[in-house]
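Inspection log for the structure reproduced underneath, given as C-alpha cells.
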Amino acid sequence: MQHQPLVSVLMTAYNRGAYIGSAIESVLANTYTNFELIIVDDCSTDNTLEVANQFAEKDTRIKIYKNDTNLGDYPNRNKAASYAQGKYLKYCDSDEELYPFCLEMMVGSMEENPNGALGLSHIHDVRRLPYMVSSEEAYKWHYFKKDFFHNAPTSTIIRRAEFEKEGGFNNIRHRGDYDLWLRLSAKYAVVRVPAFLTWNFDHDGQEKSKNYLYKKALTHNISIGALKDSNCPLSNEDRQKALHLWRRGFIRQNIFGGLLKLKFKEVLYLMKECKITLAEVINAVK
C-alpha cells in the first residue's frame with residue numbers, strides 16, 4: 001500500500017550544493033513525519049543533485065526530479081507543486097531550514113482551521129495563535145493597518161486544492177508570492193500561524209533584487225490591482241477608501257520623499273511605472 005503524505009515539502013534548487021544538505025536535514029529532523037520531500041533541480045551546474053541523491057538513497061520520502069530546461073523561480077515552484085500528493089504544500093527553499101517543530105505547528109494550525117486555504121506565519125499578535133481570519137478581515141488588515149501578506153514562500157503553508165484552482169504562482173519576478181497570497185486570500189480564509197518556524201542562510205547567491213525601485217513599483221501595482229479585481233472581498237466603500245489611502249500613502253512616501261532627497265530620476269520612474277499623474281501628486285498634499 002502506497003504511503004499518502006498529508007503535507008508535501010517542496011524544495012526547488014539551482015546551484016545550492018553548499019546549502020541543500022542542511023536544508024534536507026532540517027526537514028528530516030522535523031517532529032512531524034507524515035510528509036514527502038520533493039526536490040526539483042533547475043539544471044544546476046554544481047553538485048546539488050549529487051548531494052540530494054545521497055539523502056534520497058536513505059529515505060524513501062524524498063523524491064528528486066531534474067528539469068530538462070531552466071525554468072526560473074516561480075515556474076519551478078509550480079513544477080514542484082505538480083508532483084505533490086499531500087493535502088498541503090510547504091515550501092522550504094534549498095538555502096533555508098525548518099526548525100524541528102515547523103511542520104507540526106503549520107500542519108496542526110491548518111487542520112485546526114479547515115476552512116483556511118493559506119497559512120501565514122506572523123509575529124507580535126494580540127491573540128493566541130493560530131486562528132483564522134476571513135478574506136475581508138485579511139484585506140482590511142493589510143490595507144488599513146499594516147502589511148499582512150509580505151511573507152516569503154517558506155513562511156507559509158498552502159492547501160493544495162486551492163493552490164491548483166488559482167493556477168499557482170504567476171511568473172512575476174520577485175513578487176509572484178505576494179501576488180498569489182492576495183489572490184488566495186480574496187477567495188478563502190487565512191490562518192495566522194506562529195512565527196520563528198524557519199531560518200535562512202544569508203549568502204551572496206541568494207535571489208535578491210538590487211532594483212528596489214522596480215520592486216516598489218511592482219508591489220504598488222499588484223496591491224492596487226488586487227483592490228480593483230472583481231474578487232476583492234471588500235465592500236465598494238472600503239475598496240474605494242483603500243485605493244485612496246494606499247495611493248496617497250505611496251505618493252507621500254515615495255514621490256514626496258524622493259523630491260525632498262532630490263532624487264528626480266527615481267520620482268519620474270515611479271510616476272511612470274505606477275501611472276501617477278501630476279494632479280494626483282498635488283491632491284496628495286491636501
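Each value in this text was obtained by applying a stated rule to the coordinates, not by laboratory testing. Not measured: the values here are computed from a predicted model. Counting neighbours? That spans all protein chains shown, and the Cβs are built from the backbone with ideal geometry, glycine included.
Quick look at the values:
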{"item": "Amide H contacts under 5 Å for Glu97, placed H, 5+ residues apart", "result": "Trp199, Asn200, Phe201"}
{"item": "The chain, relative contact order [Cα under 8 Å, separation at least 6], %", "result": "18 percent"}
{"item": "Additional length obtainable on full extension of the chain from Phe196 to Ser82, 0.36 nm per residue less Cα span", "result": "38.3 nm"}
{"item": "Förster-model FRET efficiency, 25 Å R0, Asn47 and Asn171, C-beta, rounded to 0.05", "result": "0.35"}
{"item": "Helix 236-250 axis, angle to the chain major axis (alpha carbon atoms, nearest 10°)", "result": "90 degrees"}
{"item": "Gain upon complete extension [Asn115, Lys63; 0.36 nm per residue less C-alpha separation]", "result": "15.8 nm"}
{"item": "The chain: most fluctuating residue of Val190, Val107, Val267 per GNM, C-alpha cutoff 10 Å", "result": "Val267"}
{"item": "Using a Förster distance of 25 Å, the FRET efficiency for Phe144-Asn221 (Cβ separation, nearest 0.05)", "result": "0.80"}
{"item": "Net charge of neighbours whose Cβ lies under 13 Å from the Cβ of Arg127, counting Lys and Arg as +1 and Asp and Glu as -1", "result": "0"}
{"item": "Burial order of peptide ranges 8-21, 174-187, 268-281 (average beta-carbon count within 10 Å, highest first)", "result": "8-21, 174-187, 268-281"}
{"item": "The chain: most fluctuating residue of Pro233, Pro114, Pro194 per GNM, C-alpha cutoff 10 Å", "result": "Pro114"}
{"item": "Table column - 3J(HN,Hα) (Hz), region 136-151, Karplus curve with 6.51, -1.76, 1.60, x for Gly and Pro", "result": "5, 4, 4, 5, 4, 4, 5, 8, 10, 10, 7, 3, 10, 10, 8, 9"}
{"item": "Paramagnetic label zone (point 7 Å from Cα along Cα-to-C-beta, Lys275; backbone N under 19 Å) in region 209-238", "result": "214-232"}
{"item": "Cα-only radius of gyration and Dmax that characterise region 7-200, units Å", "result": "16.1, 50"}
{"item": "FRET efficiency for Ile282 and Val126, using Cβ-Cβ distance with R0 set to 35 Å, rounded to 0.05", "result": "0.35"}
{"item": "Angle between the chain longest axis and helix 212-228 axis [Cα atoms, degrees, rounded to 10]", "result": "80 degrees"}
{"item": "Amide hydrogen neighbours beyond the local backbone of Ser44, cut-off 5 Å, H modeled", "result": "Asn15"}
{"item": "Those lysines that a straight Cα-Cα span of less than 30 Å connects to Lys63, excepting residues fewer than 8 apart in one chain", "result": "Lys79, Lys87, Lys90, Lys165, Lys208"}
{"item": "Fraction of beta bridges assigned by DSSP in the chain that are antiparallel (%, nearest 5)", "result": "35 percent"}
{"item": "On Cα atoms only, tilt of 264-273 relative to the major axis of the chain in degrees", "result": "70 degrees"}
